[in-house]
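Read through the structure below, which is laid out as structure tokens, and then see the notes.
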């Protein structure tokens, strides 16, 4: 009899302990901010937002001058099984304002030759290629290529920018050493939206 | 300055709300909410369950040889041995998972055998072929059925992402004996619309180099009497939603344990299994897929050759399954599935002294059972939290039906997350479990489990930390009662109630990383007498109450890493020889320290290290009173590895 009774008490205690942080969080300013977002009613697909970030990177990151700068398109290379679907279709091949240059999105199902990677301005490494992230980074090491991927703690593995999801929002983590090695300049405005920096 | 016009081409990218995501400023992008594609794609901390993910990189750095090495580092898991040749199966949260309680899935295909539902691991799943392991640390019956009562281990092997072939050799040696030589390969390619993958291994070694003392007191060395051979081949092909998989694996080893060293020759155990699966993902509409799946499994599990007699089962399992997954914007994700399987077995040849005579065992007839299940899971996000509600109804032709619900609430705020998960789960007894019960004159029904888990976690600045507490109650627990009938048999016993906690911290910097975990359980009530460590407090037989794992990696460059991993086990209790006979004995605490260095030169990766560096006596204990004393594991070994990518 007593064992069953204690079990019920244990269950109730665990429930109370479990609910406490939820209740505390509900009263936090962050939670209040979420309510405002909800009131705005704007919600996008995850990879639409990530694609938009990649295009913003083209504007807020400065690459060293290349001989072909005036004519060559700005190239985003997507390496691996692309989760973007047709998100880029409406902007691919069209001009990026303020640069006078067109956007070119290249999809590589598997890691291409090093020269093709180095020809990209941004390389986005999809989840399917993350097991080989170090090899991809080695291929573009010391070249002016902005490396981006997604998932927790990816900047520790050497990429310049990592997308993470927090509270259903796409956040950016930033590895400044990686951009310094690649001789890329990241604007202060972009650095301000970074949630974690290495 | 707002960046609404930053990209002049930003027109016409339709969103669900008709807005233009490319017109958003950086600040807006940082605040906009996204609809996450599916439950499967959620980050670990947002998944509606307590989950551990281990990547290929982590596996390589620790110098793991097989899946057993990986699972040992996961909070809550340990390994138990059973009397049938010292077969190794996982334990979890204080309970044995050997018979149908922990589901092992490799590339989407269930691996548990069809006689007992056992996830037989240990020198069977080569670590070098594994791309990722996802461990659902908690019941998964509502989604995965009657073999997932305690936990689910999902293994994903390497494939097309290799774009070529990786081949590796791992060799381990003790001072006097080569203990293991494992050749493995994995690779794949994408050709037009086809994605192809292949992996496999060949392994020769010994199960142990230690000495075994039977419950009756006889001692003998296993170094020359536990030879083990295993091999596997896994093929996969996918094209435009169509996917096909073929898997073959075979493992056999010398067994002197079952007979307590009393036989005049070394006996042999063998598992051989073939599995095939066809599936097609039909894209009905954007965000809505229907996936029919056909699976066929045929095998010869639990084969045994003893003193010239051979025992061989032939099993087959045919499963048809259809899953519908609907992902909506703002309305949540809905999964609905229906499954039917038929499982059958016959005894082709048997060892009469063990009661396995084909003429009387199944009466020369094939035994079969049918099982039908309907299940659903609905995940939806609110501004406050993510909710997951699911349930499963399953009806088995012999042991009856069950309904099990699950409920999970996941909340993230700042860098924190909290999860509260309730599951009711069940175990469907498989063919041989039912058969031994009926043979001994007892009826058997599914056992059930109620589990409540709470996890609190933190992610940030290179650090992740999680802590979870659990309470579980296993009702009508099925166990093997050696006193039942002539040769013993399975029956439902009483209840087992455990509680405990699991804590994990991982910190990663550019050139080093460290991780540590501690897990414990206590048995509050155990009515299943053969699993009770009588007179020894809150422990269940064979399973350590305390386990800690510490790891430290130094990564001086992209091509070099050194990792030290220590697994510290508290004492356990198990039946063993006490000088006069068999009684509950203490199995001493253990420290298993390994060290592994790897260095990559172009496409070749070399590794060298040591496992069980301290030479600790490692034992795997039987988690019930079943006639097996603790089985020794490997002693100190030198580990050499070489992998090349072509």
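Observations
- Of the listed requirements (1) within 30 Å of residue B:463 (Cβ to Cβ); (2) assigned to a strand (DSSP E or B); (3) out of contact with any helix residue (DSSP H, G or I) (no Cβ under 7 Å at 6 or more places or on another chain), residue B:585 misses just one: (1).
- Lone unmet requirement of (1) away from chain A (no Cβ under 14 Å); (2) part of a strand (DSSP E or B); (3) crowded, with 17+ Cβ neighbours inside 10 Å for residue B:484: (2)
- Residue B:385 meets the stated requirement of being closer than 30 Å to residue A:166 by Cα and touching a residue at least 12 places away in the same chain (Cβ under 8 Å).
- Listed conditions (1) within 22 Å of residue B:633 (Cβ to Cβ); (2) part of a loop (DSSP other than H, G, I, E, B); (3) over 13 Å from the mean Cα position of the chain (by Cα) are all met by residue B:146, apart from (1).
- Members of segment B:461-479 that are within 11 Å of another protein chain (Cβ to nearest Cβ) and modelled with pLDDT under 95: B:461, B:462, B:463, B:464
- In the set B:230, B:208, only one residue is in the same structural domain as residue B:308 (by TED's automatic domain parsing), at negative phi and in a loop (DSSP other than H, G, I, E, B); that residue is B:208.
- Entirely in segment B:281-372, the strands (runs of 3 or more DSSP E) that have 3 or more residues that are farther than 30 Å from residue B:387 by Cα: B:288-306, B:309-327, B:333-349
- Meets criteria (in the same structural domain as residue B:61 (by TED's automatic domain parsing), at pLDDT below 90, in contact with a helix residue (DSSP H, G or I) (Cβ under 8 Å, 6 or more places away or on another chain) and surrounded by fewer than 20 Cβ atoms within 10 Å (Cβ to Cβ)) for residue B:489: no
- Selection count where residues are under 30 Å from residue B:169 (Cβ atoms) and surrounded by fewer than 22 Cβ atoms within 10 Å (Cβ to Cβ), scope segment B:619-638: 4
- Candidate set from segment A:62-89 (those that are out of contact with any strand residue (DSSP E or B) (no Cβ under 8 Å at 6 or more places or on another chain), surrounded by fewer than 17 Cβ atoms within 10 Å (Cβ to Cβ) and at pLDDT 80 or above); member that is nearest to residue A:135 (Cα to Cα): A:81
- Checked against the criterion of being more than 12 Å from every other protein chain (Cβ to nearest Cβ) and either within 10 Å of the chain's Cα centre (by Cα) or under 21 Å from residue A:55 (Cβ atoms) (or both), segment A:125-138 contains not a single residue that satisfies it.
- Total residues in segment A:98-111 satisfying the condition of being farther than 15 Å from residue A:149 by Cβ, surrounded by 15 or more Cβ atoms within 10 Å (Cβ to Cβ) and within 10 Å of chain B (Cβ to nearest Cβ): the figure is 5.
Conditions (1) at the interface with chain A (Cβ under 9 Å from one of its Cβ atoms); (2) modelled with pLDDT of 95 or more; (3) crowded, with 20+ Cβ neighbours inside 10 Å, marked per residue:
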site: B:407; (1), (2), (3): no, yes, no
site: B:410; (1), (2), (3): no, no, yes
site: B:423; (1), (2), (3): no, yes, yes
site: B:428; (1), (2), (3): no, no, yes
site: B:451; (1), (2), (3): no, yes, yes
site: B:454; (1), (2), (3): yes, yes, yes
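- Matching residues in segment B:88-110 - criterion: being modelled with pLDDT under 90 and closer than 18 Å to residue B:72 by Cβ: B:98
- Residue within segment B:405-420 that is touching a residue at least 24 places away in the same chain (Cβ under 8 Å), closer than 19 Å to residue B:145 by Cβ and touching a helix residue (DSSP H, G or I) at 6+ places or on another chain (Cβ under 8 Å) present: yes
Conditions tested, residue by residue: (1) away from chain B (no Cβ under 11 Å); (2) assigned to a strand (DSSP E or B); (3) in contact (Cβ under 8 Å) with a residue 60 or more places away in the chain.
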residue: A:152; (1), (2), (3): no, no, no
residue: A:156; (1), (2), (3): no, no, no
residue: A:159; (1), (2), (3): yes, no, no
residue: A:163; (1), (2), (3): no, yes, yes
residue: A:172; (1), (2), (3): no, yes, yes
residue: A:177; (1), (2), (3): no, no, no
residue: A:183; (1), (2), (3): yes, no, yes
residue: A:189; (1), (2), (3): no, no, yes
residue: A:196; (1), (2), (3): no, yes, no
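- Filter result (at pLDDT 85 or above and within 14 Å of chain A (Cβ to nearest Cβ)) within segment B:169-190: B:186, B:187, B:188, B:189
- Test: residue in segment B:19-33 that is at pLDDT below 65 and either part of a loop (DSSP other than H, G, I, E, B) or touching a strand residue (DSSP E or B) at 6+ places or on another chain (Cβ under 9 Å) (or both): yes
- Scanning segment A:89-96 turns up at least one residue that is in contact (Cβ under 8 Å) with a residue 24 or more places away in the chain, farther than 14 Å from residue A:161 by Cα and within 11 Å of chain B (Cβ to nearest Cβ).
- Inside segment B:450-476, residues that are touching a residue at least 60 places away in the same chain (Cβ under 8 Å) and closer than 23 Å to residue B:101 by Cα make up a count of 7.
- Members of segment A:120-150 found to be part of a loop (DSSP other than H, G, I, E, B) and on the phi < 0 side of the Ramachandran plot, listed by number: A:120, A:121, A:126, A:141, A:143, A:144, A:145
- Failed criterion for residue A:37 (all others in (1) within 9 Å of chain B (Cβ to nearest Cβ); (2) at pLDDT 90 or above hold): (2)
The values are calculated or read from the model by the stated rules, or taken from the named source; none is laboratory data. Remember, predicted model here, so these are calculated numbers, not experimental data. As a convention, Cβ positions derive from the backbone with ideal geometry for all residues, glycine included, and neighbour counts pool all protein chains shown.
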